[in-house]
Every structure is written in C-alpha cells, then in structure tokens.
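First comes the structure, then the notes that go with it.
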Amino acid sequence: MKMISLLGSTGSIGVNTLDIVRRNPDRFAVATMATGSDVELFAQQVKEFKPALISVFNPSKLAELKELLKGEDVEILSGEAGTVKVASHPDVSLVVSAIVGSAGLVPSLAAIQSGKDLALANKETLVVAGELVLREARGKVNLIPIDSEHSAILQALNGEKQERIKKIILTGSGGPFRTFSREQMENVTVKEALNHPNWSMGAKITIDSATMMNKGLEWIEAKWLFGLDTCVEIIVHPQSIIHSMIEFVDTSIMAQLGIPDMRVPIAYAMTYPDRIKCDFPSLDLAAMKQLTFEEPDYEKFPCIKLAQEALQTGQTMPAVLNAANEVAVQAFLDEAIPFQGIAEAIRTTMHNHKCHAIDSLEDVQNADRWAREEAKKLITVTH
Ligand code: NAD
Ligand code: MG
C-alpha cells in the first residue's frame with residue numbers, strides 16, 4: 001500500500017488524483033491532505049478518504065473546517081506550517097504536489113527534505129527554484145513530473161541516457177486564441193480566456209495557456225528536469241494528442257500519445273516506473289483523422305520569450321517572472337487589466353528587477369515578494 005500525501009486536493013489535479021486512489025483502493029491510501037481555502041469540498045474528501053492529518057492554508061477557514069469535520073478522527077492544522085507537516089508526515093512515501101503557484105515551493109522542499117518521492121504537478125516550484133529543488137532531490141528522492149508534456153518526455157525517454165537526446169519537442173495546444181489576430185486579442189474577455197479547447201484545468205493555468213506563458217513555464221520545467229543544455233523546441237499541436245516528443249541523436253523520434261486526460265500522467269507518476277491498468281477510453285486514431293503542427297507565434301504570445309529570457313538571465317529572474325505572472329493573471333481574472341496587460345506587467349517587472357544569485361530559499365522568497373509588490377504597483381499605476 002502506497003501512502004500518499006496530497007497537497008492541493010480540492011483543485012483540478014487534486015480531484016483527479018483522488019479519482020486514481022478511489023479506483024485503486026488496494027494500491028493507494030491517502031495519509032495526509034492539504035488545501036488552500038475550499039473547506040466544503042475538502043471536508044467531503046476527508047470523510048471519503050480518511051486521512052490521519054490535514055491542513056487548510058487559510059487560517060480564517062480553520063474553525064469552519066473543524067465544524068464540518070466534528071466527530072471525525074483526524075488531526076487538523078492550518079497555515080504554511082500545517083501544509084509542511086502534511087508533506088513530511090512519517091507515514092507518507094509519496095507526496096503529490098498539486099498546489100498552484102509558488103506557494104507550492106516550501107511544501108515541496110519539505111517533502112524532499114524528509115525523504116519523500118515527489119510527484120510534481122506544481123511546475124512553479126521548478127520555475128522559481130529549479131536549482132535549489134534539484135540540489136535537494138538529486139540522488140535522494142524521485143522527482144516525477146505530472147505535467148502531461150514532461151510525463152510524455154519521461155515515458156519517451158524510457159530509461160535511455162539523457163545525453164542521447166538531440167532535442168525535446170514540447171507540444172502545446174496554442175490555447176483558445178491560437179487563430180485570433182492581434183487586434184482580436186486586445187478585447188478578449190475573462191470568459192473567453194477561461195475556455196480552453198482541450199483541457200479542463202484550474203483558472204490560473206488556463207489563463208497561462210491562453211497567454212502561452214504555460215509553454216514558457218514548461219520550457220523552463222523541461223530544462224531543469226531533462227538538463228539545462230538540452231535543446232527544447234516548442235511546437236503548436238492544436239489537437240493535444242501528442243503530449244511531447246524526443247528526437248534522439250540518431251534522428252529517431254519517440255512520441256507519447258493519448259486523449260487529453262490528466263489522470264493518465266497522474267497515475268504514471270503515482271506508480272512510476274510501473275504502470276497500472278486504467279479503464280479510460282482509448283484514443284481512436286481513425287476518428288482523429290489528422291494531427292497538425294505549426295510554429296508558435298512569438299509576437300502574438302510574448303510570454304513564451306519572456307520565460308525563455310528569464311531562464312537565460314538566471315539567478316532570481318525566473319522567480320520574478322513567475323511572481324509577476326501570478327499577480328498579473330489574478331489582475332486579469334479580476335478584470336483589473338486587459339489580456340495583453342499580463343505580458344506588459346511581467347516585462348516591466350523583469351526590466352525593473354536587479355538580479356542576484358540564489359543561495360537559499362530566502363533569496364527566492366525575497367525575489368518573489370519584491371516582484372509581487374512591483375507588479376501590483378505597476379498594475380495600479382497604469383490602470
Ligand atoms: P487549481 O487552482 O484547480 O487547484 C489548486 C489547489 O491548490 C487547490 O486545492 C487549492 O486549494 C490549493 N492551494 C492554493 N494555494 C494553496 C496554499 N497556499 N497552500 C495549500 N494549498 C493551496 O489548480 P490546478 O489546475 O489543479 O493546478 C495545480 C498545479 O498543477 C499548478 O501548478 C498547475 O500549473 C499544474 N498543472 C495542472 C494541470 C491541470 O490539468 N489542471 C496540468 C498540468 C499542470
Ligand atoms: Mg502541461
């Protein structure tokens with residue numbers, strides 16, 4: 001029985017992870033669970049999966065959660081310290097990190113430092129502190145990506161040596177605005193941006209997909225996971241059937257395909273390097289008829305290049321990119337800035353940042369804090 005800690009259980013990845021647990025009760029049990037603030041769904045999940053320890057990040061929700069779980073045999077904590085305890089509980093062998101944003105960093109590090117394998121959906125953890133996280137994890141725990149593209153790359157690699165990779169071909173759907181003109185993109189609404197053509201996901205990553213910042217963040221994620229020197233090329237593939245590919249040094253290309261369903265990469269991460277039988281619908285290639293590919297439009301989607309520049313600059317810049325993006329995406333969701341204002345806010349925040357080296361978690365946290373304040377200031381001044 002694999003004892004799981006699930007961070008971010010009430011989100012899109014969290015709910016899908018619990019579905020895998022529900023379908024495989026002989027294999028997995030939930031030992032601990034954490035959420036941000038959505039205590040109603042959380043309480044239902046606790047009643048179903050019976051973890052021994054849980055935590056709600058938002059302390060103002062603690063009393064309500066306790067009330068909802070009156071009579072249940074479960075220890076209830078709150079705050080970041082609570083999430084950290086959930087991630088490092090002695091009964092746990094695998095932590096599934098499905099928190100959104102850089103808030104996932106500290107609990108992810110806590111999981112690694114207490115020797116847990118980490119199934120990582122929370123890509124922001126690697127974006128803001130890739131070097132720090134890998135330094136802690138290397139040789140000690142397995143760090144297994146849940147992001148469908150990185151899961152595809154891991155599966156295509158299938159144990160082959162990393163130096164045999166000529167390039168990684170990272171696919172992306174292009175999001176809801178792939179065919180829009182620049183003019184059309186000036187007036188897109190929150191509702192349009194939240195309407196992803198192929199994937200149903202949390203709000204933040206859905207907006208990241210619409211700006212294609214998601215592909216930028218994934219480009220950074222791939223560099224950390226599969227080697228900073230590895231060439232990573234982005235290609236738009238609107239059907240989201242090929243989840244990514246590797247071209248090897250002999251020009252042979254391995255691809256991983258499947259219908260877009262996050263339960264597949266989640267299950268793979270939970271059982272890696274094994275696989276379990278899943279009775280999901282199979283891909284019907286004849287019905288698909290065609291798979292198409294095109295170059296990304298870097299002018300229309302400037303966030304991709306901003307992410308690539310941030311990694312090339314290195315040091316604190318990726319953390320600043322990420323924090324500014326989190327603030328700008330929230331401002332767009334709150335209808336405080338237009339869609340194109342997201343990239344603008346990130347660019348200016350990066351421009352105003354004085355980069356410095358990252359030696360510790362505090363360095364990352366300080367850069368994150370600075371960028372949030374700076375991006376908020378810019379957004380208030382210009383809008
Ligand atoms: P979501 O918004 O649906 O869920 C986020 C979860 O994190 C919720 O349970 C929320 O309560 C919790 N949370 C938020 N802040 C927290 C905090 N400070 N402490 C503890 N818990 C907190 O997001 P999602 O779509 O499930 O995405 C989660 C992560 O997985 C993101 O990093 C995203 O980029 C990545 N990801 C998601 C998908 C997808 O299909 N949804 C695919 C690939 C990668
Ligand atoms: Mg992805």
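Please verify whether residue 78 is more than 20 Å from residue 216 (Cα to Cα) and buried (at least 18 other Cβ atoms within 10 Å of the Cβ), treating the condition exactly as stated.
Considered against the rule, which asks whether it is more than 20 Å from residue 216 (Cα to Cα) and buried (at least 18 other Cβ atoms within 10 Å of the Cβ), residue 78 comes out as yes.
Suppose we keep only residues that are out of contact with any Ser or Thr (no Cβ under 7 Å at 6 or more places or on another chain) and charged (D, E, K, R) within region 88-147. Which one would you say is farthest from residue 75 (Cα to Cα)?
Only one residue tops the list, namely 131.
Can you name the residue in region 334-371 that is under 16 Å from residue 127 (Cα atoms), surrounded by fewer than 18 Cβ atoms within 10 Å (Cβ to Cβ) and charged (D, E, K, R) and is also modelled with the lowest pLDDT among such residues?
This residue is 359.
Give region 118-136 a look and list any residue that's acidic (Asp, Glu) and more than 13 Å from ligand 2 (Cβ to nearest atom), or say none.
131, 136
Given (1) in contact with a Phe, Trp or Tyr (Cβ under 9 Å, 6 or more places away or on another chain); (2) within 12 Å of ligand 2 (Cβ to nearest atom); (3) not in a loop (DSSP other than H, G, I, E, B); (4) not acidic (Asp, Glu), where does residue 254 come up short, assuming only one miss?
For residue 254, the failing item is (2).
So which of 169, 144 ends up being crowded, with 22+ Cβ neighbours inside 10 Å, β-branched (Val, Ile, Thr), touching a residue at least 40 places away in the same chain (Cβ under 8 Å) and within 16 Å of residue 272 (Cβ to Cβ)? Full working, then the answer.
On the way: 169 fails: within 16 Å of residue 272 (Cβ to Cβ).
Going through 169, 144 in turn, the sole match is 144.
So is residue 111 of a type in the set (Gly, Ala, Ser), within 24 Å of the chain's Cα centre (by Cα) and buried (at least 24 other Cβ atoms within 10 Å of the Cβ) or not? Explain how you work it out, then say what you get.
Numbers: of a type in the set (Gly, Ala, Ser): yes; within 24 Å of the chain's Cα centre (by Cα): yes; buried (at least 24 other Cβ atoms within 10 Å of the Cβ): yes.
Spelling it out, residue 111 is indeed of a type in the set (Gly, Ala, Ser), within 24 Å of the chain's Cα centre (by Cα) and buried (at least 24 other Cβ atoms within 10 Å of the Cβ).
Looking at region 167-206 only, could you name the residues that are among the aliphatic types (A, V, I, L, M) and away from ligand 1 (no atom under 16 Å from the Cβ)? Don't jump to the end; show me each part of the working.
Of all residues in region 167-206, those among the aliphatic types (A, V, I, L, M) come to 168-170, 185, 188, 190, 193-194, 201, 203, 205.
Those that are among the aliphatic types (A, V, I, L, M) and away from ligand 1 (no atom under 16 Å from the Cβ): 168, 169, 185, 188.
Would you mind stating whether residue 358 is within 23 Å of residue 136 (Cβ to Cβ) and more than 21 Å from the chain's Cα centre (by Cα)?
Considered against the rule, which asks whether it is within 23 Å of residue 136 (Cβ to Cβ) and more than 21 Å from the chain's Cα centre (by Cα), residue 358 comes out as yes.
Pairs please, first residue from region 295-324 and in contact (Cβ under 8 Å) with a residue 24 or more places away in the chain and surrounded by fewer than 21 Cβ atoms within 10 Å (Cβ to Cβ), second anywhere and among the aromatic types (Phe, Trp, Tyr) and outside any helix (DSSP H, G or I), Cβ atoms under 8 Å, 6+ apart in sequence or on different chains.
Note: pairs meeting the criteria are 300/177; 300/180; 305/298.
Just to check your reading of the model, which residue among 119, 129 is under 22 Å from residue 21 (Cα atoms) and in contact (Cβ under 8 Å) with a residue 24 or more places away in the chain?
Working: 129 fails: under 22 Å from residue 21 (Cα atoms).
One residue alone meets the criteria, 119.
If you go through region 137-150, how many residues are within 11 Å of ligand 2 (Cβ to nearest atom) and over 20 Å from residue 228 (Cβ atoms)? Steps first, please.
Just the residues of region 137-150 that are within 11 Å of ligand 2 (Cβ to nearest atom), to begin with: 145-150.
Right, trim to over 20 Å from residue 228 (Cβ atoms) and you get 146, 148.
So the count comes out to 2.
Write out, first by first residue and then by second, each pair whose Cβ atoms fall under 6 Å of each other, whose residues are 6+ apart or on separate chains, and whose first residue, in region 90-111, is within 19 Å of residue 365 (Cα to Cα) while the second is assigned to a strand (DSSP E or B) and within 16 Å of ligand 2 (Cβ to nearest atom).
Taking only residues 6 or more apart or on different chains, the pairs are 97/120; 104/97; 108/97.
Residues being over 21 Å from residue 298 (Cβ atoms) and part of a helix (DSSP H, G or I): count how many of those fall in region 310-343.
7
Give me the pairs, please: first residue somewhere in region 187-203 and free of Cβ contacts under 8 Å to residues at least 40 places away in the same chain, second residue anywhere and among the β-branched types (Val, Ile, Thr) and in a helix (DSSP H, G or I), beta-carbon distance under 7 Å, and either six or more positions apart or on two chains.
Note: pairs meeting the criteria are 194/206; 196/206.
Which one of these is within 16 Å of ligand 1 (Cβ to nearest atom), free of Cβ contacts under 8 Å to residues at least 60 places away in the same chain and under 30 Å from residue 340 (Cβ atoms): 209, 244, 240?
Values: 244 fails: free of Cβ contacts under 8 Å to residues at least 60 places away in the same chain; 240 fails: free of Cβ contacts under 8 Å to residues at least 60 places away in the same chain.
So the residue among 209, 244, 240 that is within 16 Å of ligand 1 (Cβ to nearest atom), free of Cβ contacts under 8 Å to residues at least 60 places away in the same chain and under 30 Å from residue 340 (Cβ atoms) is 209.
The values are calculated or read from the model by the stated rules, or taken from the named source; none is laboratory data. All values derive from a computational prediction rather than experimental measurement. Because the Cβ atoms are built from the backbone with ideal geometry, glycine has one as well, and the counts that use them run over all protein chains shown.
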